[in-house]
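Student: Dropping the structure in here first, questions after.
The values are calculated or read from the model by the stated rules, or taken from the named source; none is laboratory data. The shown structure was predicted, so the numbers you read here are calculated from the model rather than taken from an experiment. A quick note on method: Cβ atoms are made from the backbone with ideal geometry, for glycine too, and the neighbour counts reach across all protein chains shown. Surface accessibility is based on the protein's heavy atoms, side chains included, excluding ligands, DNA and RNA. Shrake-Rupley method; radii C 1.70, N 1.55, O 1.52, S 1.80 Å.
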Amino acid sequence: MLSPLLLSINWNPDPELFNLFGSIPIRYYGLLWVVGIGLAYLVVRQQYRDKKIGDDKFEPLFFYCFFGILIG
């Protein structure tokens, strides 16, 4: 029979991925936000180029959406 200690999971991960220059902590959550926003930028920009819509309409829209996400 297994002891109760082996049947439980102690879920306590370290939220820091690494420290930049020894003093700036880089956390998983922030890194995933940056990756998500960056991938969204690339995907939507590619869609705009496929539909031949100019960058003059895409760039302001992206920045408004970015600041809306950041503030919201």
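Student: Please enumerate the residues belonging to segment 48-60 that are assigned to a helix (DSSP H, G or I) and open to solvent by 70 Å² or more (accessible area, probe 1.4 Å).
Tutor: Scanning segment 48-60 gives 49, 50, 56, 57.
Student: Right, here's the next one. Aromatic (Phe, Trp, Tyr) and at pLDDT 90 or above: does that describe residue 48?
Tutor: Here the answer is yes, as residue 48 does meet what is asked.
Student: Mind checking whether some residue in segment 2-11 is of a type in the set (Phe, Trp, Tyr) and surrounded by 10 or more Cβ atoms within 10 Å (Cβ to Cβ)?
Tutor: For segment 2-11, residues of a type in the set (Phe, Trp, Tyr) and surrounded by 10 or more Cβ atoms within 10 Å (Cβ to Cβ): absent.
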